[in-house]
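Only one structure is covered here, and it is reproduced in the block below.
The numbers here are math on the coordinates, done by the rules we state, and not lab data. Given the structure is predicted, the values throughout are model-derived calculations rather than measurements. Note: ideal-geometry Cβ built from the backbone for every residue, glycine included; neighbour counts use all protein chains shown.
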């Protein structure tokens, strides 16, 4: 077996596989490092099991990139605030949920959302994390499963659009790529897609006016994450992640999204078939990348055997996303203390209509 340096050097010369994976714990084992070097996933995603302290996460991020021999390998995380937060106290502050921020009056709500996202970007940048699976653009309806719930900015498409745009810009200001999710809309799901496949029976015209509307408005954003949901009016048999029709006609067509499309987690129970089939079908349907989160080695091996290198088009989309990140970063110094003071004041009801200097 070649040594780790040889594997890393070889990985740097080939096109990475079209998959984002997780690792098992807070440190990367030598066995995991060898596996990742051989499998060469495009990047990695972190969960609470991986995040204990600032120094530890920095070391883990460096080890993951070192395993594949690419210092620019994307590192993802779900750091939304509220109940979906992989970075938690005492090492990191816990941010309010989207619904809490959305409950603020205008124009303070948008200022608070952008400022909160800028603070999150500051947290992530300190760790070397470059992609945040935020914001949620889903528009919940009455009777929907609470899996989205307070992760949404509101129940009106226009308000969700306005606040989600503010979150995207806040992340980009801090050099972190946002991921709009769950395209083309998870707000009508009556079951949790982690456990079963939701079926939405709403007509296409209504979906276009409501669920799809925030995604259409933010179609220029760099990354999006698919929804594991069957939309009966579009494809009555296949969840969006695996549906060529939903991806081509709705996500790329009606919505007009032209960025990097990553699947939601393949290990969720909304998808049928074995894990390798899920990966193959998702890429065949039009996803640029597949996502696997639980760190299970056997599942990752199966995916690695089923998934080829990223396509030329995916490479172009990734490059455009990185160019957007570089253009959007506010290069001047960021006053963390001033930003936190203003953020707390906004949450307390202060009338602040401008962001602090960055």
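Brief remarks follow.
- Centroid-to-centroid separation of region 132-150 and region 283-305 [C-alpha atoms, Å]: 25 Å
- Contact order relative to length of region 187-297, as percent, for alpha carbon pairs under 8 angstrom and 6 or more apart: 28 percent
- Note on region 35-165: Rg/Rh from C-alpha atoms, Kirkwood Rh, equals 1.03.
- The chain - mean residue ellipticity at 222 nm from DSSP helices (-39,500 (n - 2.57) per run, n ≥ 4, rounded to 500): -11500 deg cm²/dmol
- Scaling against 2.2 N^0.38 Å puts the C-alpha radius of gyration of region 201-309 at 1.07.
- Each Cα pair under 8 Å and six or more residues apart adds its sequence gap; the mean of these over the residue count of region 4-347 is a relative contact order of 17 percent.
- The packing ranking of peptides 179-188, 16-25, 165-174, highest mean first, is 179-188, 165-174, 16-25, where packing means the average number of other beta carbon atoms within 10 angstrom of each residue.
- Taking the square roots of five times each eigenvalue of the Cα gyration tensor of region 4-347, the equivalent ellipsoid has semi-axes of 29, 26, 17 Å, listed largest first.
- Whole-Å distance, taken between Cα centres, linking region 165-207 and region 216-246: 9 Å
- Ranked by the mean number of other Cβ atoms within 10 Å per residue, highest first, peptides 56-64, 190-198, 254-262, 326-334 order as 254-262, 56-64, 190-198, 326-334.
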